[in-house]
């Protein structure tokens, strides 16, 4: 049988050994993190182009003044967001493309807000506000909100059924219940 004193010595050695291993692992992880930290953090807005008033006007002029109808606008914009943000693409946004799309959205919504009535008009006002916020701040969360609006509107207006989750952000579909 092992004496109590021997048990304490063995326990102390085991504790010291596990502490040494823990410190070694933490130090080596920290050294790897420091050496590769620039790979871990992707600069989101470093490459973001700041648009001048003339550039915004030029982009707006390329947008058709009267797209077919609001349903076609919703479907095509939803397709754009599926392509550029879906399936993890949102983590590597091209902010220049997203800004151009936001400018286009504002231009087109300005046309439709006079023509559309009711709940769709509420959603168009909200979409315009989010797009303007994105143009100003360039936050990825605004792109995600826009995608969710166009997703829900595409379901509500066009019967889009490739993915049936409703985010509940639109007046057209209510809260998705």
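Every read-out reported here was derived from the displayed coordinates using simple, explicitly stated rules and does not represent laboratory data. Not measured: the values here are computed from a predicted model. Cβ: placed from backbone, ideal geometry, glycine included. Neighbour counts: every protein chain shown.
Of note:
- Gain in span if fully extended, residue 10 to residue 115, counting 0.36 nm per residue against the direct Cα distance: 29.5 nm
- Note on residue 18 and residue 94: their simple-model spin labels are 5.3 nm apart, each label 7 Å out from Cα toward Cβ.
- Taken over the range 53-158, the convex hull of the Cα atoms encloses 92 Å³ per residue.
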